[in-house]
Amino acid sequence: MRIAIGSGEEMQAFGARLARLLTLGDVVLLHGDLGAGKTTLVQGIAQAFGVTEAVQSPTFTLVAEHAAALPDGTPFTLHHLDLYRLDDPSELEAFGYEMYVAPDDAISLIEWPERAGDWLPDRFLLVRIAYAEQGGRLVEVEGIPDGLWDLSTLG
């Protein structure tokens, strides 16, 4: 699934639509260059789950946890990870990364997942954000394995 995004506000609105697909245990991997809009997308997802505090990329702390709620009011923790500063995937062990890629009672959003090497979950949504030639961004969403999420609702 591909969609053109023209502004930060549109990216946040897309994040809110993406949030409607997510359930406890889901992991979303966010891939894109610096400034592509990964954190802006996370902000839209967080707002859709009722997060009221400021959502910023946890570049230096690696992980931020936000109190959130599903549409039915069920509370959960929204994990936001930023792996940009990692030099080697072996550093993942130091902060319990395995917990975040298998979040039974939470949802994890992971920026810079390529820094994790082969340490990826068995099932995840991959969101690729690229700069579009005509301005704005081009966003591609892929479910791994295919068929677990109805991506047609995002367009």
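Here's the picture: a label point sits 7 Å out from the Cα of Asp118 along the beta-carbon direction, and within the stretch 69-107 the residues with their amide nitrogen under 19 Å of it are 87-94, 97-99, 101-102. The value obtained for the stretch 115-155, namely the Cα convex hull volume divided by the number of residues, is 87 Å³ per residue. Close amide H contacts of Glu111 (hydrogens built in the peptide plane, cut-off under 5 Å, sequence separation of 5 or more or a different chain): Leu30, Leu81, Asp82, Leu83. Extension gain, Phe60-Tyr131: 0.36 nm per intervening residue step, less the Cα-Cα distance, totals 23.1 nm.
Computed over the stretch 2-149, the P(r) curve from all C-alpha pair distances, binned at 5 Å from the origin, holds 2, 10, 21, 24, 22, 15, 6, 1, 0 percent per bin.
Scanning residues 5 or more positions from Phe76 or on other chains, those with amide H under 5 Å from its amide H are Ala68, Ala69, Leu70, with H placed 1.01 Å from N in the peptide plane. In the chain, the sites counted are GluC sites (Glu not before Pro) in DSSP loop states with at most 10 other Cβ atoms within 10 Å, and the longest stretch holding none of them, exclusive of the sites, is 54-132. Over the residues of the chain, the helix contribution to mean residue ellipticity at 222 nm works out to -5000 deg cm²/dmol, using -39500 (n - 2.57) for each DSSP H run of at least 4.
With a Förster radius of 35 Å applied to the beta-carbon distance between Leu24 and Asp88, the computed FRET efficiency rounds to 0.70. Ordering Tyr84, Leu125, Thr40 by the projection of their Cα atoms onto the charge dipole of the stretch 12-155, which places +1 on the Cβ of Lys and Arg and -1 on the Cβ of Asp and Glu, puts Thr40 at the extreme positive end.
Read-outs throughout are calculated quantities, based only on the coordinates presented, and are distinct from any laboratory measurement. Note that this is a predicted model, so its numbers are computed, not measured. Neighbour counts are summed over all protein chains in view; Cβ atoms, including those assigned to glycine, are modelled from backbone coordinates with ideal geometry.
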